[in-house]
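Below is one structure, written out as C-alpha cells, with a few remarks after it.
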Amino acid sequence: MHAAPASLQNSDAQNSDAQNFDAQNFDLLSRGKKICDDANYQWRIARYPIGNVQPEDFHWHVEEIPEPKNGEVLLKTHYLGLAPVMRFYMMGQNPSGETALKIGNVIHGRGVAQIVKSRHPDWKEGMMVQGQMGWQTYKVSAMTPQEKFFVMPNYGPNNKLPAALGAGVLGMTGLSAHAGLFATGSPKKGDKMLLSGAAGGVGSMVSQLAANVVGCDVVGMAGGTEKCDFIKKHGCRAAIDYKNEDIAAAIDAHLPSGIDLYFDNVGGETLQAALERLRMHSRIVLCGSISEYTRRDPFSLSNYTRLRRTDSMMKGFFVYNHLHNWEQVMDDLAGWIIDGKLKAVQDFVHGFEHMPRALANLYYGNNMGVQCCNVRGEPEIWN
C-alpha cells in the first residue's frame, strides 16, 4: 500500500440547490455560542419536530464537566457525525434500538472523542475512540456495549489516517456502505447499477466501492448540476439530475438494457421507477428512504410484484446487525483509502454551535459526502 491522504471536504456555505432553507434563523440560533474547555456544552431537544427540523426544536445547555467514577472514563469530543435518523431520535422514536428520547434530553449521535481521564481498566487515557457520544462536548461513560464504542486504529506511522474519518467514512456510515453493497447487494463485475442518493454519505462511498473495487457500471442520481458533477468524479459513469430530469426517461437513456443492482437511499417514486426496469436475477438494496421521512402519509409501493417476473430480490439491512464484521470492514475501507480506490469525502461544518444547521443540511440537500461537525479538530497526540 502507498500513502494517500484522505480527501476531506469542508463546507461552511450552503448549497444553492436547497429550497426553503431557513438559514438565517439557524444562524441566529448559533450566534454568540462558543465552546471552551471549562464546561460541557450540549444540544438538547426543545420540542419534538413536526416535518423538517426547525431552530425552535433545539435547546443549548451548559453544565459542569462530569467526573468519572470507578469503571468510567471522561471523553472529550473532537468530531460528531450526522445522519437522517437523528430526526427520528428527536421525535421520541427509537429506530436503532436506543432508548427513546424525551424533551430536554441530549440528542443522540455518534462521534469521535479522546479519553482524557480513565478509571476503567480496559480503556486508557489518550485513546481515540468512536461511539455514542450524543450532542455534547464531554461525556462520562462506562463504555457499555449499548454505546458501541470502538478504538480508532492507527494504520502505521506513515499511513495514519485522520481521526476525523471516524465520524463517518471509518464509522457507521462506512459500515452501512460496506454491508449494504457487499453483504446485501452481492455485486458482480459488470453489473448495471443504479444508485440513488449518490452524493450523500453512504451513496458517495457505495459508488466508489462498486466502480473501483468491484467493477460495476454505476449510474448515480443526485440533485443539481454541482452534485451531478461531484458524483461523476466519485465512481459514477453517468449522473441523473432528479431535480431537472424525468427520472424514468433518464434511467432508460443511461441503462437501456435495465438494472442488475439498485442501491436505494431515497425510496418513494424512485424505487417504484427502478422496479419497472429490472433485468433477470437483479437485486435491490433497501438502505434508506429519505424522500419519505417527512411525508405526512406513508408512500405506498404498488409495483413490488415486478420482482417475480425477473426472479429478482429486494432486501433491506440494519447496520447494527453487521457490527460483528467491524474490524474487517474498517481494515478494508482504510486499505482502499490508502490505495486511492476510495476518496473519503466528509462535508464539515465548523463549530459545535452549528450542529442544528448541520442536521438540517441533510434534509435540504446541502451536503455532499458524510455530513460531520468539526468540534475541536485533530488531537495533538493520540494512541
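At a glance:
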{"read-out": "Region 38-57, residues that are open to solvent by 20 Å² or more (accessible area, probe 1.4 Å), among the acidic types (Asp, Glu) and within 15 Å of residue 26 (Cα to Cα)", "value": "56"}
{"read-out": "Some residue of region 230-238 being of a type in the set (Lys, Arg) and closer than 25 Å to residue 319 by Cβ", "value": "no"}
{"read-out": "Filter result for residue 189 (closer than 25 Å to residue 362 by Cα and of a type in the set (D, E, K, R))", "value": "no"}
{"read-out": "Considering residues of region 188-199 that are surrounded by fewer than 24 Cβ atoms within 10 Å (Cβ to Cβ) and of a type outside the set (Lys, Arg) only, the residue farthest from residue 275 (Cα to Cα)", "value": "190"}
{"read-out": "Verdict on residue 176 being open to solvent by 10 Å² or more (accessible area, probe 1.4 Å), under 30 Å from residue 339 (Cβ atoms) and of a type in the set (Ser, Thr, Tyr)", "value": "yes"}
{"read-out": "Hey, residue 308 within 21 Å of residue 83 (Cβ to Cβ) and open to solvent by 50 Å² or more (accessible area, probe 1.4 Å) or not", "value": "no"}
{"read-out": "Residue in region 292-312 that is modelled with pLDDT of 95 or more, of a type in the set (S, T, N, Q) and either more than 25 Å from the chain's Cα centre (by Cα) or under 22 Å from residue 206 (Cα atoms) (or both) present", "value": "yes"}
{"read-out": "Subset of region 350-371 [modelled with pLDDT of 95 or more and either among the hydrophobic types (A, V, I, L, M, F, W, C) or closer than 15 Å to residue 222 by Cβ (or both)]", "value": "352, 355"}
{"read-out": "Selection from region 200-214 of residues that are within 17 Å of residue 282 (Cβ to Cβ) and open to solvent by 20 Å² or more (accessible area, probe 1.4 Å)", "value": "214"}
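Quick grid of which residues meet (1) of a type in the set (Gly, Ala, Ser); (2) buried (at least 24 other Cβ atoms within 10 Å of the Cβ); (3) not in a helix (DSSP H, G or I):
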| site | (1), (2), (3) |
| --- | --- |
| 228 | no, no, no |
| 235 | yes, yes, yes |
| 244 | no, no, yes |
| 248 | yes, no, no |
| 251 | no, no, no |
| 256 | no, no, yes |
| 260 | no, no, yes |
| 263 | no, yes, yes |
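The values are calculated or read from the model by the stated rules, or taken from the named source; none is laboratory data. Predicted model, so just to flag it, every value in this text is computed and none were measured. Glycine gets a Cβ as well: all are built from the backbone with ideal geometry, and neighbour counts include every protein chain shown. All accessible areas refer to the heavy atoms of the entire protein, side chains included, with ligands and DNA or RNA removed. Shrake-Rupley method; radii C 1.70, N 1.55, O 1.52, S 1.80 Å.
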